[in-house]
2 protein chains.
Amino acid sequence: MAMMAAKRCESGVCGHCVQPCVLGTLSSGLRLDLRDFPELKERHLARGDYLFHTSGSFESLYAVRSGMLKVTVLTEDGREQITGFFLPGDLVGLDSVGLRHHASSAAALDDTVVCELPFSVLERHGQSVPRIQAALFRMLSGQIRREQSTLLLLGSLRAEERLAQFLIDMSERAHTDADCGTAIGMPMTREEIGSYLGLKLETVSRTLSKLHREGVIEVIKRGVRIRELNKLRLLAGLSVRKPAPSALRRLGH
Amino acid sequence: MAMMAAKRCESGVCGHCVQPCVLGTLSSGLRLDLRDFPELKERHLARGDYLFHTSGSFESLYAVRSGMLKVTVLTEDGREQITGFFLPGDLVGLDSVGLRHHASSAAALDDTVVCELPFSVLERHGQSVPRIQAALFRMLSGQIRREQSTLLLLGSLRAEERLAQFLIDMSERAHTDADCGTAIGMPMTREEIGSYLGLKLETVSRTLSKLHREGVIEVIKRGVRIRELNKLRLLAGLSVRKPAPSALRRLGH
DNA sequence: CGTACAATTGAAACCAGTCAACCATTGTGG
DNA sequence: CCACAATGGTTGACTGGTTTCAATTGTACG
C-alpha cells in the first residue's frame, strides 16, 4: 500500500538518505512507519526557504527526508535564536502541538525535502492504533530530552566543550554512511552555530581554528571531518569509550 | 465519583493550593481533570526526599499539588544540572515517557505533595478518550516550549537579565494568591538557582543583592517580593505592558 | 551553644564578547 | 571579462562580565 505512492514518500529505505525512512530516531524501540500514512505529501525547499513561520497556523508535523532545517524562536525584543538543527529522520514541529499557531519558525539550510504529516491525521490514527499513540508520545518526550541535553550544554560548558559536543552530536546524527571517514556536512553559518550554542560567531570561528590547528578536526568550507574522535570526546568532557565498533547498525533490519 | 476518594486526590479546588487541582497549566484550552482517574494515590515528600531517581524505572507521571520540586539531569562526568523547578499544577516526568528508566531525577525542595498518575493508565485512557490524548499531547509539547524558553535564556541573556526573567517567571507561575503583594516562596538555594540559570552561586547572590540595593525586589531569607515589576521587566528585556492593574493601588503610589 | 551549611562580599584571573581590519568566495552588472 | 559589492570567515587587540578563590557573616538544627 505504500508502493502505490507516486510522488509521495516511499516507505522503507530512502533513495538519497541511507537510514530507513521512518519517523523518530529519537529513542529506541518502535518507530512510526510512514506506511501507516498513505496520503502524505512531500515538500521541497530551496536553501533559505521557510517551512513555516512563527504565528503561522499549525497544521502539520514534518519529517525531514534530506537536507537540513534550522528551527528558531523569537525573543520579546526581536532577536532570534536557533533551538535546533533537524536532520534526515528528525521530526519538526513538535513544539507547536496543541497550539493554533506555530511557536517557532523553520527554514532550510540547504535544499531540503520533507514529508508533511497533518497533525489531525496523526491524532486520529493515534486514537485507533495504540502503537501510533505511543510513538507520538515517545517522539514528544524525545524532543524534551534532546532539549534537556542542550540545556546542560548551555548551562555548564565552555566554548570549546560546546563545539566539541556539537560536532560529536552532529556526526552521530548525520547517518551519512558514517564509515566514509566521519565527514559531516555543515550547511549553516558560523553565526548560526553560535546562535545554537550560545556563542558569538567569532568565538565559533576561533574555536574551530584551534581544533583544526591541534589536528583534531579538519575544516573544509561548509563541512567538518573528525580526525581524532577520542581527543574530541576528551575536549567535550565525554568518556572515551568505543575503540571502533563502527556504524554497524546501518541496515539494521 | 470523585468525592468518594478518601486519602486520595480530590478534584476541584485543593485544600492548601488555591488553583483548581487539574493537570496542565501549560497551555490554555482543555485540561486534564483528575476526576477521570479515580484510582490515584498521593505521595508526601519531605524536604530533600527524592520522588524518583535517574535510572529508576519509569512508571508514572506526577502532578504537583503543593510544595516544589527540582528536576536534575546528570552529565557524563557526574555533574548535575537543574532543568526545571516544578510548582503546584505542574506535571513532572514528561521527559521519561517512552523510556523504561527515568531520564532525570526529581527531589523535593520543600514539603511537597504529589498525585501519582501511572502512565499505563494515562495511555489507556488516552486511547479511548480523545480529550485525554489531546491533553497529554498538549502537556508534552508545552514542556518542550518551556524548555525552549530556557534555551533562549541561557543562550543570550546576561546574569541580571536571567535572574530578572527567572523571578518574573516564578512569580507568574506561583499562583499563590498573586494579589497579596507578589511575594514568592523560593525554597531553593543560590546554588540551585545558579544551576538552573547557568550561573555560579556567587553571581546569583551578587545579582540579587544588586536588585535589592536598587529597590526592585526585596529579599527575605528564602523568599522574594517584587517591588517594582516594571523595572524588573525592563531589566529582563521584556516589554513593560500593563502599567498598573492592581499592584500599584495597594502600594499607594 | 556549637557545628554545618548557606549566603554575602571582595579581589584577581580568565574566558568570551566587542570592535575592527582583512581575506575569500560568490554573484551581479557594466 | 572584469570590477564591484555583498556575504561569510578569519584573526588581532582590547574590554568586560563571570568565574574563581578566599574570607567573613548569617542562619538553621542537632
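The values are calculated or read from the model by the stated rules, or taken from the named source; none is laboratory data. Worth saying up front: this structure is predicted, and the values here are computed from it rather than measured. Virtual Cβ from ideal backbone geometry, glycine too; neighbours counted across all protein chains shown. All accessible areas refer to the heavy atoms of the entire protein, side chains included, with ligands and DNA or RNA removed. Shrake-Rupley method; radii C 1.70, N 1.55, O 1.52, S 1.80 Å.
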*Please list, ordered by first then second residue, the pairs with beta carbon atoms under 7 Å, 6 or more apart or interchain, first in segment A:159-175 and farther than 21 Å from B:Leu154 by Cα, second within 16 Å of DNA strand D (Cβ to nearest atom) and open to solvent by 40 Å² or more (accessible area, probe 1.4 Å).*
A:Ala174/A:Gly185
*asked:* Against the definition (within 19 Å of B:Thr150 (Cα to Cα) and not hydroxyl-bearing (Ser, Thr, Tyr)), how does B:Leu45 come out, yes or no?
replied: no
*Any chance segment B:57-70 includes a residue that's among the β-branched types (Val, Ile, Thr) and either within 14 Å of chain A (Cβ to nearest Cβ) or open to solvent by 30 Å² or more (accessible area, probe 1.4 Å) (or both)?*
no
*Checklist (1) over 21 Å from B:Leu151 (Cβ atoms); (2) facing chain B (nearest Cβ under 10 Å) applied to A:Asp77, failing item*: (1)
*Can you run down the residue pairs with Cβ atoms below 7 Å, 6 or more apart or on separate chains, where the first is in segment B:201-212 and surrounded by fewer than 16 Cβ atoms within 10 Å (Cβ to Cβ) and the partner is part of a helix (DSSP H, G or I)?*
B:Leu201/B:Arg190; B:Leu201/B:Glu191; B:Leu201/B:Gly194
_Scope segment A:71-100; condition of a type in the set (Phe, Trp, Tyr) and either assigned to a helix (DSSP H, G or I) or open to solvent by 10 Å² or more (accessible area, probe 1.4 Å) (or both); matching residues_ = A:Phe86
*In segment B:110-139, which residue that is of a type outside the set (Val, Ile, Thr), closer than 17 Å to B:Met68 by Cα and open to solvent by 10 Å² or more (accessible area, probe 1.4 Å) is nearest to the other protein chains (Cβ to nearest Cβ)?*
B:Glu116
*Can you tell me which of A:Leu211, A:Leu251, A:Leu238 is at pLDDT 95 or above and over 17 Å from the mean Cα position of the chain (by Cα)?*
A:Leu211
_Selection within segment A:107-123 - in a strand (DSSP E or B) and small (Gly, Ala, Ser)_ = A:Ala107, A:Ala108
*Given the conditions (1) part of a loop (DSSP other than H, G, I, E, B); (2) open to solvent by less than 10 Å² (accessible area, probe 1.4 Å); (3) within 11 Å of chain B (Cβ to nearest Cβ), and given that A:Ala103 satisfies all but one, which numbered condition is not satisfied?*
(2)
*Go through (1) more than 14 Å from every other protein chain (Cβ to nearest Cβ); (2) near DNA strand D (Cβ under 10 Å from one of its atoms) one by one and return the number of the condition B:Ser171 breaks.*
(2)
_Every residue in segment A:82-116 that is among the hydroxyl-bearing types (Ser, Thr, Tyr) and over 15 Å from B:Gln143 (Cβ atoms), please._
A:Ser105, A:Thr112
*Go through segment A:225-239 residue by residue and tally those that are in contact with a helix residue (DSSP H, G or I) (Cβ under 8 Å, 6 or more places away or on another chain) and within 17 Å of A:Ala159 (Cα to Cα).*
6
